[in-house]
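Notes for the one structure printed next.
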Amino acid sequence: MSHFSIVKSNNEARRRRRRALLNKTAVAVILQQQEARYVDLRGQYCQLNDKTPAVSLFFGDGDLKKDFRLSRESVNALVEALVDEHIHGWGRELEVAVFLYWLASATSYRVVSEAFDVPLSTVHMIVHRVAKGILQIYTKAVCFPSEAELEVIGAGFAQLAGSPALNRVAGSIDCSHIRIKPPGEYKEDYYNRKLFHSIQLQAICDHKGRFLNAFVGLPGSVHDARVLRWSSVYVQQLYPPPGWCIIGDGGYPCLATPICLMTPFREPVQGPVQARYSKHLSKKGKVCCGEGLRDDETRWRSIFLKALEVKKT
């Protein structure tokens with residue numbers, strides 16, 4: 001090979017390296033420009049409009065119960081309890097606000113989007129993400145009490161009922177119907193005595209109405225007593241512990257085994273002793289759980305007042 005050919009080949013190789021370097025530099029500049037543009041757009045996208053009433057109320061000092069159905073202390077506790085496994089520009093506080101507003105108002109995603117001035121798709125994403133986050137902390141919030149807490153619960157029921165004879169009550173039980181859109185198959189099984197399609201929710205609560213256990217999923221046509229017999233509390237004898245009892249209304253049977261369940265005497269009662277017992281038991285016994293469920297029905301309207309689209313399984 002001649003000297004001229006070697007020089008020409010070397011020059012061509014240098015030009016190829018130079019073009020490759022320029023191409024890499026150009027690509028890097030373009031990527032930087034796109035990243036900067038994305039950051040700018042993301043900053044504008046995630047910018048809160050504090051002039052909207054919902055945002056100004058939530059981040060202000062006012063009472064949240066009217067629009068968000070929880071006290072500010074409860075909202076702050078929920079925000080702290082949620083596991084933050086993602087990085088999102090809106091922030092966990094706003095996500096909780098959007099979720100609670102949707103849950104309490106029973107309105108559409110579009111209305112919530114306008115109330116907070118955030119995109120419609122973001123509302124959909126937030127609702128599902130916060131719901132999954134709440135499910136992750138479910139077992140921490142809904143659990144059976146310790147031995148020391150049982151003593152407090154028993155004293156609380158005795159005070160509510162106005163009788164020290166109820167100081168061994170460990171909880172009250174009741175059922176509620178969650179309205180659903182009827183499935184295509186076996187829809188008559190979900191048609192309840194209140195004349196709508198539903199699934200059953202059984203809950204055990206303490207004297208303050210705090211949920212200790214929940215069992216959900218049976219069709220609405222199933223009686224409360226049968227729901228109890230299908231629940232893990234009954235089958236596995238999970239609660240109450242020996243020496244304690246739970247109380248319920250007349251829809252439940254009075255049981256000594258496999259769990260201890262006390263109910264009022266059926267009318268007409270026989271004698272003043274039965275009348276006094278039923279009076280104290282019905283005074284505040286089932287109200288703690290029954291009225292707590294009724295309160296939740298009016299508080300979380302997106303669950304209890306709207307027909308949910310759920311899978312039977």
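Can you tell me which residue within region 229-266, out of those that are buried (at least 20 other Cβ atoms within 10 Å of the Cβ) and polar (S, T, N, Q), is nearest to F144 (Cα to Cα)? Within region 229-266, the match that is nearest to F144 (Cα to Cα) is S231. Within region 267-284, the set of residues being without any contact (Cβ under 8 Å) to a residue 12 or more places away in the chain and surrounded by 12 or more Cβ atoms within 10 Å (Cβ to Cβ) comprises V269, Q274, A275, R276, K279.
Counted as qualifying within region 105-168 are the helices (runs of 4 or more DSSP H) with 1 or more residues that are within 27 Å of Y239 (Cα to Cα), namely 120-136, 138-141, 147-161. No other residue among V118, V112, V127 is farther than 17 Å from I204 by Cα, at pLDDT below 90 and open to solvent by less than 20 Å² (accessible area, probe 1.4 Å) apart from V118. Does region 74-86 contain at least one residue that is open to solvent by 60 Å² or more (accessible area, probe 1.4 Å), more than 21 Å from the chain's Cα centre (by Cα) and either on the phi < 0 side of the Ramachandran plot or not aromatic (F, W, Y) (or both)? No: region 74-86 contains no residue that is open to solvent by 60 Å² or more (accessible area, probe 1.4 Å), more than 21 Å from the chain's Cα centre (by Cα) and either on the phi < 0 side of the Ramachandran plot or not aromatic (F, W, Y) (or both).
The residues listed here are V233, V310; of these, the one that is at pLDDT below 80, within 23 Å of the chain's Cα centre (by Cα) and farther than 24 Å from L160 by Cα is V310.
The values are calculated or read from the model by the stated rules, or taken from the named source; none is laboratory data. Here the structure is a predicted model, which means the values were calculated and not measured. Virtual Cβ from ideal backbone geometry, glycine too; neighbours counted across all protein chains shown. Only protein heavy atoms, including side chains, enter the accessible area calculation; ligands, DNA and RNA are left aside. Shrake-Rupley method; radii C 1.70, N 1.55, O 1.52, S 1.80 Å.
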